[in-house]
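S.K.: The structure is given below, and queries will be raised subsequently.
The values are calculated or read from the model by the stated rules, or taken from the named source; none is laboratory data. Computed from a prediction, not measured in an experiment: that's the story for all the values here. All Cβ positions, even for glycine, are placed from backbone atoms using ideal geometry, and neighbour counts span all protein chains on display. The accessibility values were calculated without ligands, DNA or RNA, using every heavy atom of the protein model including side chains. Shrake-Rupley method; radii C 1.70, N 1.55, O 1.52, S 1.80 Å.
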Amino acid sequence: KALEKSGSPSVKPLFLSVDPHRDTVRQLKHFAQDFSPKWTYLTGTPDQVAKATRAYRVYFSKADEVEGDDEDYLVDHSIVLYLVAPNGDFLQFFTQRMEVADIVEKINEQTSRWSPPPPVLKADVAAK
């Protein structure tokens with residue numbers, strides 16, 4: 001919301017699950033109810049998820065909670081937002097310790113360099 005209010009060009013948020021066993025497409029649709037409809041939720045095979053997490057250096061580890069119960073476990077993972085240019089180039093990452101205002105400022109700095117810049121997201125367009 002803060003990014004939209006800043007007049008920043010449109011960015012497309014993606015959520016990639018690191019737990020393809022439990023985070024099915026159906027489950028991701030359930031998660032989506034708590035976030036903006038602009039987010040795209042991704043999952044894949046364990047091999048696809050492993051490849052993506054290696055590419056972005058994302059840490060995750062399954063911790064068994066109840067021995068013998070395949071559904072009762074936690075997944076420890078890094079919490080990072082990545083800014084990627086429209087051409088797929090990695091630009092910057094943001095951790096959970098960063099302030100929202102600082103993240104918005106850094107995104108605006110990066111997107112101002114895109115050529116041609118993406119269209120500016122208007123509030124009335126965002127509501128659709």
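S.K.: If I filter the range 80-92 for residues that are open to solvent by less than 70 Å² (accessible area, probe 1.4 Å), assigned to a loop (DSSP other than H, G, I, E, B), at negative phi and in contact (Cβ under 8 Å) with a residue 24 or more places away in the chain, do I get at least one hit?
M.R.: yes
S.K.: I'd like to verify a number: residues in the range 1-16 that are part of a helix (DSSP H, G or I) and open to solvent by less than 40 Å² (accessible area, probe 1.4 Å), how many?
M.R.: The qualifying residues number 1.
S.K.: Take the residues in the range 17-54 that are among the charged types (D, E, K, R) and open to solvent by 40 Å² or more (accessible area, probe 1.4 Å), then tell me which one is farthest from D76 (Cα to Cα).
M.R.: Within the range 17-54, the match that is farthest from D76 (Cα to Cα) is K38.
S.K.: What number of residues within the range 4-34 satisfy the criterion of being at pLDDT 80 or above, farther than 21 Å from Y56 by Cα and not basic (K, R)?
M.R.: Count: 8.
S.K.: Here's something else I'd like to know. Among what's in the range 55-64 and is in contact (Cβ under 8 Å) with a residue 40 or more places away in the chain and over 26 Å from L3 (Cα atoms), pick the residue that is least open to solvent (accessible area, probe 1.4 Å).
M.R.: F60
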